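The values are calculated or read from the model by the stated rules, or taken from the named source; none is laboratory data. In this text the structure is predicted, and so the values were computed from the model without any measurement. Glycine gets a Cβ as well: all are built from the backbone with ideal geometry, and neighbour counts include every protein chain shown. Each accessible area value is taken on the protein alone, full model and side chains, heavy atoms only, with ligands, DNA and RNA left out. Shrake-Rupley method; radii C 1.70, N 1.55, O 1.52, S 1.80 Å.
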Amino acid sequence: MTGKEISQLELNGRNFTQLVTLTPGVSNQTGQDEGTVGVYGNVSYSMNGGRVEYNNWELDGGDNMDNGSNSTLNVYPSIDAIAEFKVLTSNYGAQYGRNGSGTVEVETKSGTKQFHGDAYEFLRNDAFNSPAWFQSGVVPEYKKNDYGYTLGGPIYIPCH
């Protein structure tokens, strides 16, 4: 998947790890509907029936798995920073070796010569929900606002 394709998808919680479930043969073993990050994050996905601890997550070619817990990642890049997302589940080359289940490759975007950026808000609110036919007009309260921004451009290094 390219970064443009990823930005068009609706991800619950804007967590890139949920993209792995779009691959055939991958099942969510996290026990979470909405992906979380950091200490509470969990990347337990079974790939083609393989064990979840035998997956490999790489970011820009380097190991991104938290080897201490073996269930979360060291870095969770923003959806807006991802240039390519690839899931390898079988018959991949030796350069992706060392793990017996699946490999997830994430490449981040490279720099540009111009400055650019954006600001956003992703909103989920019970005001947008309709009650189920048997709920007699009652909608459970739910409000979530996800604010953010991106900024990119060249890095200038002064020469002596």
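With both labels modelled 7 Å from their Cα along Cα-to-Cβ, the Arg124 to Val139 distance reads 1.5 nm.
Among 92-98, 64-70, 121-127, sorting by the average number of other beta carbon atoms lying within 10 angstrom of each residue, highest first, gives 64-70, 121-127, 92-98. Computing FRET efficiency as 1/(1 + (r/R0)^6) for Tyr156 and Glu10, where r is the C-beta to C-beta distance and R0 is 41 Å, gives about 0.65.
Starting from the Cα-Cα distance between Ser69 and Val37, subtract it from 0.36 nm times their residue separation and give me the gain in nm to one decimal.
Net length gain for the segment: 10.2 nm.
For volume of the Cα convex hull per residue in Å³, which listed value, (i) 177; (ii) 129; (iii) 157, comes from the coordinates shown? Answer by label: (i). Assuming charge only on the beta carbon of Lys and Arg (+1) and of Asp and Glu (-1), the dipole of the range 1-88 about its Cα centre is about 140 debye to the nearest 20.
Counting lysine pairs in the range 1-146 whose alpha carbons fall under 26 angstrom apart, excluding pairs fewer than 8 residues apart on the same chain, gives 5. Positive-end ranking of Val104, Tyr147, Ser44 along the dipole of the chain, with charges on Cβ about the Cα centre, is headed by Val104.
Ignoring any ligand, DNA or RNA, what whole percent of the accessible area of the range 31-140 comes from carbon and sulfur when the probe is 1.4 angstrom? Carbon plus sulfur share of accessible area: 51 percent.
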